[in-house]
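Q: This structure is in structure tokens; I'll ask about it shortly.
The values are calculated or read from the model by the stated rules, or taken from the named source; none is laboratory data. Given the structure is predicted, the values throughout are model-derived calculations rather than measurements. Methodologically, a virtual Cβ is constructed for each residue, glycine included, from the backbone with ideal geometry; neighbour enumeration extends over all protein chains shown. All accessible areas refer to the heavy atoms of the entire protein, side chains included, with ligands and DNA or RNA removed. Shrake-Rupley method; radii C 1.70, N 1.55, O 1.52, S 1.80 Å.
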Protein chains: 2
Amino acid sequence: MKPSTQEPPVAARIRALSNLRHWLSELGLAGFLIPSTDAFISEWTPPGQRRLRHLTGFSGSVGSALILSRGGALFVDGRYQLQALSELVGTDLDTCLDNPAARLSLLSRLPAGARIGFDAWTLSMAARDGWKKVAGEAGAELVAIDDPALIALVAEPGEKPAPVSLAYPEDMAGKTWQAKCSEIAEEMREMRLSAMLVADAEDVSWLLNVRAPDAGTGTEPDEASFVPASPSRALLYADGTVKWFVDAHEPALATRPAFRIMGSSALAAELSEAASRGPVGINAERTPALLADIIAERRMPVFTDIVARFRWRKQPAEQRSAREAHLLDAVALCRFMAWLDSAARPDDLTEAAAARALHAMRSANPAYRGPSMPMMSASGPNGAFPHYVPPAEGGRRLNDHPIFFLDSGGQYLGGTTDNTITMALAPPEPRHVRAHTRIVQGLIALATTHFPAGIAAYRLDTIARLPLWRDGLDFDHSTGHGVGSYLNIHEGPRIGFQTMPRGMAGIERGMILTNEPGYYSSDFGMRLETHMIAVDTEFAGFLKFETISRLPFDPRLIDFALLEAGEMQWLRDYHAQLINDVSPLLDEDTDRWLEAFVRPFLTPDRAA
Amino acid sequence: MKPSTQEPPVAARIRALSNLRHWLSELGLAGFLIPSTDAFISEWTPPGQRRLRHLTGFSGSVGSALILSRGGALFVDGRYQLQALSELVGTDLDTCLDNPAARLSLLSRLPAGARIGFDAWTLSMAARDGWKKVAGEAGAELVAIDDPALIALVAEPGEKPAPVSLAYPEDMAGKTWQAKCSEIAEEMREMRLSAMLVADAEDVSWLLNVRAPDAGTGTEPDEASFVPASPSRALLYADGTVKWFVDAHEPALATRPAFRIMGSSALAAELSEAASRGPVGINAERTPALLADIIAERRMPVFTDIVARFRWRKQPAEQRSAREAHLLDAVALCRFMAWLDSAARPDDLTEAAAARALHAMRSANPAYRGPSMPMMSASGPNGAFPHYVPPAEGGRRLNDHPIFFLDSGGQYLGGTTDNTITMALAPPEPRHVRAHTRIVQGLIALATTHFPAGIAAYRLDTIARLPLWRDGLDFDHSTGHGVGSYLNIHEGPRIGFQTMPRGMAGIERGMILTNEPGYYSSDFGMRLETHMIAVDTEFAGFLKFETISRLPFDPRLIDFALLEAGEMQWLRDYHAQLINDVSPLLDEDTDRWLEAFVRPFLTPDRAA
């Protein structure tokens, strides 16, 4: 059957699966494993690298499919179960909650000695080892496949050439690449590492002060890759020298002193050579199995996320850029909220159209480079799913329910934002107001806490939940996560109730973290999200947070009588600061709206 | 050298070590491992079973010594490092912080193939496996030794025959032993266990409604075993039948219907027989390696703490007994505090004498069976060590420092208490008041929180710290732990910042937990501790705590201006309830003192 350009997506998927299965039988494979990750083990894969979505229709950010000669399954985490069920329609794949038992159950159906193929570039070493263990228990075998014809069959059409990597300005990075390399090399020597493979594109971008150009983040949400990381890798040696493996870069980078640039194809030989000379460190979660195996042929790699741990602590310049990015984001958010709150809001405005409108308002700013994440634009019942993303066209009409929340963010050159607003677009019910007030109290509790420097992030997770628990409410996601500097919106540490792996990471001075309590009922959902920087307190060894987001809260969703005096004071200070910082940047209409909207916070007699 | 009855303790230890070493060389052993545990893997070993203390002088509750032909080391956790250093004086043993690297470092000094002996009765399977792993890495071998002459050499002189086990009244247990066995058997069938070895004396005592008699807890603190558990073991089968292995019991117990009683020597054969018939469950942390190995000869044991998990959830009758025990304890505590707070307090009163006085006041109550733990009586700088226990005679003079805290508890038939008071015996400094106020606020925060039923205990640990963190203060121990019902003062779950193993246990309705924030400076320490029961809230799926301790707080150590209105209200309600419940039980003088002492909490105009 010749593919038609008009072929509907479901038919295209069925055809792609059928082609893949044909080749599996040719190669004597019982199945093939397709993770959501690409060769950089990315959380957000760029367009053209979305193999899992191409073959199964699943559009969530994390998952993996085991495609058998007949049937198979997509393994996802709890937040994606319902979504996967509906997106897989038309395929013969089941949806399973991902855990070792579910994997074992599927693999156990295969005959003894069955061989499961995978692409060792797109599976991290840690993920490969997880699958290998279960396959072993089931009597099956995991086989790395580099047959180009097969890889072509699982590839998503439309892959673009890798973007040309550019230098990232030192005044935004706050530290030279040489200084970063030499600091990490010092710690490597303490760990007795002779080299470190930096396979995570976010680590490389940070370490070498390089980024993908604007095009890397796309201009339309659906085309976005969300993360302006340079698609390249590096080898850092214990003497502080570095080799950068990249296929396209601006010429000026070649003039950096003592900076070896090589094509990506040179990495294998250099890695093998490094491993023959001494211990090599890798981050097993973010290193393709293929590269880990090259090292392992010589000696066991040493597992460390040392580069990421340096990256998470932001330089003063990075903090400054983040603050500025939040001011720019606040301008777009205020314009958007003012528009939503006005008679100009179309009666048939949908979730998707609202998201597009906010994207357009962000785009009015020349520093905006694209969205930092898919826009979670959710009205009423759709908000029951914390990670709901509306279809490209449509979704629910905002006017059909009073409660609307939108979690979105922007990449601004120098800073990455991710803010969540909740609004009442019609008079809310008391239960909406009550839940939202508890969310606000939870956000304030975390925003104002002091804590021992270096404390494991999971130990702060309970704080934002206490006001919700008071009313028998809770939310089933983490309270916060680290945020990149013009990089991935998600990094470590994670403030969540699961301790491993990023919950164990310590919170240190300079880290930027989100504060995002929410509540999800069966017929509505709401969340607030702000960014905070960990800063010193007057007490040695103790830190606190400084909130750098500048988004107004909706006073119609707050029961002021429930607030403690300290909470009321915080809201007053926060909104006064917002007016002070953002008002000068706003057009006159938006400014007038903002002043009126937040007035209840600034009027002292509203305090209990 | 003939031992003299006048021999000082250090000389006795040196002689015991020397005798042991002589036998080690006879048996070709390079060393011998002495844990703090006895054959019931007890936390508090009874007098006559304290081998580690006998051989090394170390009196802490947890540790293990590896005694080599020359030298060796005692491995302890952080709280005992300083204490061990001073107690080991006169021996040739080092003190080490216990971790695998420290163990490996000592074992690596031995020649390859060195054999280390241990008594497989006194080391749990989990502890043995931990040592075995490190020994393997060091090229040494761990060898179970049953040579009676050698065991006699490590034994502490003065061992008493095991106490006669008695029936525990059903009206206190709240459930028949048959009902408990049949409930657990049901869960065992779901887990496909054919039998469960109940090797933990606390589990057996709870499951079969048996206890040691009063004598088991001693009458003088130094003689106490602290836990009135029956020194026996049981095999529970999946059909709900049970065999009890005990050497001395009151005759009436033999008349229980369908209750097989056998001597402890019969256990090995029965266990082997059970394992040959199907999977046998054990709690690896509380089962001697010797018993685990008997099962493992037939098949791998299944690891589960199912009996303990049932035990931790208290029956309504057990909760009632606990409430009553706290009233009785409050009578003694109030008398004690009134005496300390009066002119009758001797000028030369020491920490040890104060502890003895409280013990005597508790003993005035006929339901008192003895202390539930060593009395941590600490004045001023001694309070810098959270687990400080004064020497049997002496310790610091209370009049030399304003701040005194005392952590102690009683075994009352039916209930186990453990309450900590902090008092100002002279005008306190502002920093004392500030820290104590923060402790009170932390205690109130945990006492008043709502939380999802079944939540992992570690998730509540941060709550009581928040007010301390506000001032840059913290404490380096858990916030709370489960409490037994006329059993061990320490059980699961643990509200601490370490998640494994008891921090992962869920908090469920009916559990009794302590609430014990503190603060330890270099020159003083303070702690408050109350007990709470987890009870329902008006919200489905959410629990809260009900405080059942009735100890007055010292208002001279509280800065009322720092308190929120809700905190002031809690203190008022708590002390009003205390007056209401305890006042009728007090002698006239104590009652008069109590009313005056807590008046600042009850006077509304003290509220901020």
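Q: Of all the residues that make up region B:267-285, how many are open to solvent by 30 Å² or more (accessible area, probe 1.4 Å) and among the small types (Gly, Ala, Ser)?
A: Number of matching residues: 3.
Q: Looking only at residues in region A:497-507 that are out of contact with any Pro (no Cβ under 9 Å at 6 or more places or on another chain) and not hydrophobic (A, V, I, L, M, F, W, C), which one is nearest to the other protein chains (Cβ to nearest Cβ)?
A: Here the answer is A:Thr499.
Q: Given region B:181-288, what strands (runs of 3 or more DSSP E) lie entirely inside it while holding 1 or more residues that are basic (Lys, Arg)?
A: The strands (runs of 3 or more DSSP E) meeting that bar are B:233-237, B:242-245, B:260-262.
Q: Next question, about the same structure. Looking only at region A:470-481, filter to residues that are at the interface with another protein chain (Cβ under 10 Å from one of its Cβ atoms) and in contact with a helix residue (DSSP H, G or I) (Cβ under 9 Å, 6 or more places away or on another chain); which one of those is most open to solvent (accessible area, probe 1.4 Å)?
A: A:Arg470
Q: Among the helices (runs of 4 or more DSSP H) lying completely within region A:60-144, list those that include at least 1 residues that are over 23 Å from the mean Cα position of the chain (by Cα) and in contact (Cβ under 8 Å) with a residue 12 or more places away in the chain. Can you show your working first?
A: Values: elements: A:81-87, A:100-107, A:125-137.
Output list reads A:100-107, A:125-137.
Q: For region A:399-419, enumerate the residues that are among the polar types (S, T, N, Q) and either open to solvent by 10 Å² or more (accessible area, probe 1.4 Å) or out of contact with any Lys or Arg (no Cβ under 6 Å at 6 or more places or on another chain) (or both).
A: Passing the criteria: A:Asn399, A:Ser408, A:Thr416, A:Thr417, A:Asn419.
A quick yes/no check of all residues on (1) touching a Gly at 6+ places or on another chain (Cβ under 9 Å); (2) modelled with pLDDT of 85 or more; (3) open to solvent by 10 Å² or more (accessible area, probe 1.4 Å):
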{"residue": "B:Ser194", "(1), (2), (3)": "yes, yes, yes"}
{"residue": "B:Leu207", "(1), (2), (3)": "no, yes, no"}
{"residue": "B:Val210", "(1), (2), (3)": "no, yes, no"}
{"residue": "B:Gly216", "(1), (2), (3)": "yes, no, yes"}
{"residue": "B:Phe226", "(1), (2), (3)": "yes, yes, yes"}
{"residue": "B:Ala229", "(1), (2), (3)": "yes, yes, yes"}
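Q: Which condition number in (1) open to solvent by 10 Å² or more (accessible area, probe 1.4 Å); (2) part of a helix (DSSP H, G or I) is the one that A:Glu318 fails?
A: With respect to (1) open to solvent by 10 Å² or more (accessible area, probe 1.4 Å); (2) part of a helix (DSSP H, G or I), A:Glu318 is out only on (1).
Q: Okay, moving on. I need the strands (runs of 3 or more DSSP E) fully contained in region B:382-465, keeping only those with at least 3 residues that are within 13 Å of another protein chain (Cβ to nearest Cβ) and more than 17 Å from B:Arg527 (Cβ to Cβ).
A: So the answer is B:450-452.
Q: Take the conditions outside any helix (DSSP H, G or I) and surrounded by 15 or more Cβ atoms within 10 Å (Cβ to Cβ) and apply them to B:Phe601. Does it pass? Talk me through it step by step, then tell me what you get.
A: Numbers: outside any helix (DSSP H, G or I): no; surrounded by 15 or more Cβ atoms within 10 Å (Cβ to Cβ): yes.
No; evaluated as a whole, the condition is false for this residue.
Q: All but one of (1) within 30 Å of A:Pro231 (Cβ to Cβ); (2) open to solvent by 40 Å² or more (accessible area, probe 1.4 Å); (3) not hydroxyl-bearing (Ser, Thr, Tyr) hold for A:Gly63; state the number of the condition that does not hold.
A: (2)
Q: Scan region A:375-393 for residues that are farther than 18 Å from A:Leu528 by Cβ and buried (at least 19 other Cβ atoms within 10 Å of the Cβ) and jot them down.
A: Correct list: A:Val389, A:Pro390.
Q: Go through (1) open to solvent by 50 Å² or more (accessible area, probe 1.4 Å); (2) in contact with a helix residue (DSSP H, G or I) (Cβ under 8 Å, 6 or more places away or on another chain) for B:Ala561 and report which single condition fails.
A: Evaluating B:Ala561 over (1) open to solvent by 50 Å² or more (accessible area, probe 1.4 Å); (2) in contact with a helix residue (DSSP H, G or I) (Cβ under 8 Å, 6 or more places away or on another chain) leaves (2) as the failure.
Q: Consider A:Val10 against the criteria (1) within 30 Å of A:Ser522 (Cβ to Cβ); (2) in contact with a Gly (Cβ under 6 Å, 6 or more places away or on another chain); (3) surrounded by 17 or more Cβ atoms within 10 Å (Cβ to Cβ): it satisfies all of them except one. Which criterion is unmet?
A: (3)
Q: On the given criteria, is A:Glu324 over 19 Å from A:Val227 (Cβ atoms), surrounded by 21 or more Cβ atoms within 10 Å (Cβ to Cβ) and acidic (Asp, Glu)?
A: So A:Glu324 does not fit the description; no.
Q: Okay, moving on. Give just the number: which of (1) closer than 23 Å to A:Pro371 by Cβ; (2) at pLDDT 95 or above; (3) open to solvent by less than 10 Å² (accessible area, probe 1.4 Å) does A:Leu586 not satisfy?
A: So A:Leu586 meets the others, but not (3).
Q: Moving on. Out of (1) surrounded by 16 or more Cβ atoms within 10 Å (Cβ to Cβ); (2) in contact with a helix residue (DSSP H, G or I) (Cβ under 7 Å, 6 or more places away or on another chain), what's the single condition that is false for A:Arg256?
A: The single condition A:Arg256 does not satisfy is (2).
Residue-by-condition table, conditions (1) of a type in the set (S, T, N, Q); (2) touching an Asp or Glu at 6+ places or on another chain (Cβ under 6 Å):
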site	(1), (2)
B:Arg356	no, no
B:Gly370	no, no
B:Ser379	yes, yes
B:Gly395	no, yes
B:Leu406	no, no
B:Thr422	yes, no
B:Leu425	no, no
B:His432	no, no
B:Ile439	no, no
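Q: Then there's this: It is to be established whether one or more residues within region B:533-550 are open to solvent by 10 Å² or more (accessible area, probe 1.4 Å), assigned to a loop (DSSP other than H, G, I, E, B), within 14 Å of another protein chain (Cβ to nearest Cβ) and in contact with a Pro (Cβ under 7 Å, 6 or more places away or on another chain).
A: yes
Q: Let me ask another. Which residues, taken from region A:511-532, are of a type in the set (Val, Ile, Thr) and surrounded by fewer than 20 Cβ atoms within 10 Å (Cβ to Cβ)?
A: Residues satisfying the conditions do not exist here.
Q: Have a look at A:Thr422, A:Thr462 and point out the one that is open to solvent by less than 10 Å² (accessible area, probe 1.4 Å), farther than 26 Å from A:Pro381 by Cα, among the hydroxyl-bearing types (Ser, Thr, Tyr) and in contact with a Lys or Arg (Cβ under 9 Å, 6 or more places away or on another chain).
A: Among A:Thr422, A:Thr462, only A:Thr462 is open to solvent by less than 10 Å² (accessible area, probe 1.4 Å), farther than 26 Å from A:Pro381 by Cα, among the hydroxyl-bearing types (Ser, Thr, Tyr) and in contact with a Lys or Arg (Cβ under 9 Å, 6 or more places away or on another chain).
Q: Tell me yes or no: at least one residue of region B:100-119 is at pLDDT 95 or above, farther than 30 Å from B:Ser264 by Cβ and among the charged types (D, E, K, R).
A: yes
Q: Then there's this: One residue is enough: does region A:482-496 have a residue meeting the conditions within 9 Å of chain B (Cβ to nearest Cβ), part of a loop (DSSP other than H, G, I, E, B), free of Cβ contacts under 8 Å to residues at least 60 places away in the same chain and not polar (S, T, N, Q)? Let's see the steps before the verdict.
A: Going through region A:482-496, the residues within 9 Å of chain B (Cβ to nearest Cβ) turn out to be none.
Taking every residue of region A:482-496 in turn, none turns out to be within 9 Å of chain B (Cβ to nearest Cβ), part of a loop (DSSP other than H, G, I, E, B), free of Cβ contacts under 8 Å to residues at least 60 places away in the same chain and not polar (S, T, N, Q).
Q: In addition: If I ask for residues that are under 15 Å from B:Thr449 (Cβ atoms) and in a loop (DSSP other than H, G, I, E, B), which ones from region B:517-532 would you list?
A: Across region B:517-532, the qualifying residue is only B:Pro517.
Q: Could you tell me which numbered condition A:Arg298 fails, if it satisfies all but one of (1) assigned to a loop (DSSP other than H, G, I, E, B); (2) under 26 Å from A:Ser36 (Cα atoms)?
A: If we test A:Arg298 against (1) assigned to a loop (DSSP other than H, G, I, E, B); (2) under 26 Å from A:Ser36 (Cα atoms), just (2) comes out false.
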